[in-house]
Amino acid sequence: MSHQPVLLKEVIYYLEIKKEGFYVDATFGLGGHSEAILKLGGRVLGIEWDEQQYQKSKIKYQKEINKKRLIIVNDNFSNIELIAKQNNFHPVDGILFDLGVSMDQISKSDRGFSFKKLNEPLDLRISEKIKMKAADYLNQLSKEELYEIFAKNAELVNFKPIVDEIVARRKFKPIETVGDLVSIVDDKITQEKEKIYHQVWQALRILVNDELENLKKGLKGGKNILKKDGRIAVITFHSLEDRLVKNFVIKNHLSFLTKKPIISFSKKLFERSAKLRVFTF
């Protein structure tokens with residue numbers, strides 16, 4: 001499957017790509033959005049936290065890197081301000097945060113990002129530098145701590161039976177694989193299973209990768225390196241991220257370019273829950 005960037009036309013339209021403009025792709029992935037920016041004459045600083053994706057993209061875009069039109073850094077976007085300053089890449093005309101997990105990570109990473117890959121380890125680390133895997137948390141946290149995680153990170157209403165079953169089962173055998181966790185959900189949930197899988201995986205991914213804290217830091221750092229007429233575009237995939245972006249914009253007296261978030265009408269599965277918000281000073 002070829003790499004399809006989420007809401008590509010909309011991102012390019014609202015970022016208003018200028019020739020020789022400076023753009024940060026804070027979630028570079030395999031470079032779909034950045035490729036379009038480069039074609040329009042922009043310069044790009046790409047930030048990619050996943051080592052596997054970073055290595056693939058360095059090879060894929062070697063020509064652009066050699067031409068000094070593209071810089072790719074293996075780091076977390078929470079450090080966006082420092083990365084931009086270290087690379088003398090500021091102030092910038094635009095920044096993109098695409099907060100989804102890529103199809104490549106889901107299909108090829110062997111880290112359990114999909115609840116359909118039952119034999120994969122329950123890892124969920126975007127960067128291998130992170131010490132604790134999802135399975136480690138499920139096996140080590142207390143019942144109360146797990147309740148808190150699922151309540152905070154998944155907006156799950158009916159999570160207590162799942163947590164109770166996790167705690168009961170791990171006494172006999174550690175939870176290690178995607179299949180182990182799917183079996184627990186299947187045992188306790190009879191309706192809307194797919195929705196519950198999504199919420200459980202979301203909660204664990206946010207926990208493992210500290211996603212919401214990193215987003216707060218990334219938005220703050222992004223604002224600090226943005227030109228006065230620059231724009232920040234954020235693609236979110238669930239209400240926790242979207243609310244965080246809205247609150248950041250209001251708190252910092254910034255302005256959204258559209259009243260409502262931009263959504264896709266393409267019916268592509270990977271864009272189904274995506275919302276794009278674009279804001280400026």
### Query
Can you pull out the residues in segment 240-266 that are more than 20 Å from residue 94 (Cβ to Cβ), open to solvent by 50 Å² or more (accessible area, probe 1.4 Å) and of a type outside the set (Val, Ile, Thr)?
243, 247, 251, 259, 260, 265, 266
## Note on the structure
Counting only residues in segment 107-138 that are open to solvent by less than 50 Å² (accessible area, probe 1.4 Å) and not in a loop (DSSP other than H, G, I, E, B), the one nearest to residue 56 (Cα to Cα) is identified as 134
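Quick one: which of 141, 96 is buried (at least 16 other Cβ atoms within 10 Å of the Cβ) and touching a His at 6+ places or on another chain (Cβ under 8 Å)? Even if it seems obvious, please write down each step before you answer.
Details: 141 fails: touching a His at 6+ places or on another chain (Cβ under 8 Å).
Checking each option against the conditions leaves just 96.
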### Summary
If you go through 106, 37, the only one that is among the aliphatic types (A, V, I, L, M) and modelled with pLDDT of 95 or more is 37
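Take residue 155 and tell me if it is touching a Ser or Thr at 6+ places or on another chain (Cβ under 9 Å), more than 30 Å from residue 52 (Cα to Cα) and surrounded by fewer than 15 Cβ atoms within 10 Å (Cβ to Cβ).
Against the criterion (touching a Ser or Thr at 6+ places or on another chain (Cβ under 9 Å), more than 30 Å from residue 52 (Cα to Cα) and surrounded by fewer than 15 Cβ atoms within 10 Å (Cβ to Cβ)), residue 155 qualifies.
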### Task
Output the residues belonging to segment 8-43 that are open to solvent by 20 Å² or more (accessible area, probe 1.4 Å), of a type in the set (A, V, I, L, M, F, W, C) and not in a helix (DSSP H, G or I).
17, 22, 30, 40
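For segment 184-281, give me every one of the helices (runs of 4 or more DSSP H) that falls completely inside it and has 3 or more residues that are touching a Ser or Thr at 6+ places or on another chain (Cβ under 9 Å), modelled with pLDDT of 95 or more and of a type in the set (D, E, K, R).
Details: elements: 193-209, 211-225, 239-251.
Hits in segment 184-281: 211-225.
I'd like the full set of residues that are in contact (Cβ under 8 Å) with a residue 40 or more places away in the chain, surrounded by 18 or more Cβ atoms within 10 Å (Cβ to Cβ) and either more than 25 Å from residue 224 (Cβ to Cβ) or of a type outside the set (A, V, I, L, M, F, W, C) (or both), limited to segment 44-55.
Answer for segment 44-55, where residues must be in contact (Cβ under 8 Å) with a residue 40 or more places away in the chain, surrounded by 18 or more Cβ atoms within 10 Å (Cβ to Cβ) and either more than 25 Å from residue 224 (Cβ to Cβ) or of a type outside the set (A, V, I, L, M, F, W, C) (or both): 50, 53.
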### Task
From (1) surrounded by 17 or more Cβ atoms within 10 Å (Cβ to Cβ); (2) in contact (Cβ under 8 Å) with a residue 60 or more places away in the chain; (3) touching a Ser or Thr at 6+ places or on another chain (Cβ under 9 Å), pick out the condition that doesn't hold for residue 169.
(2)
### Task
State whether the residues of segment 141-163 include one that is farther than 30 Å from residue 5 by Cβ, part of a strand (DSSP E or B) and of a type in the set (Ser, Thr, Tyr).
no
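The values are calculated or read from the model by the stated rules, or taken from the named source; none is laboratory data. The model shown is predicted, which means the values in this text are computed figures rather than measured ones. As a convention, Cβ positions derive from the backbone with ideal geometry for all residues, glycine included, and neighbour counts pool all protein chains shown. For accessibility, only protein heavy atoms count, side chains too; no ligands or nucleic acids. Shrake-Rupley method; radii C 1.70, N 1.55, O 1.52, S 1.80 Å.
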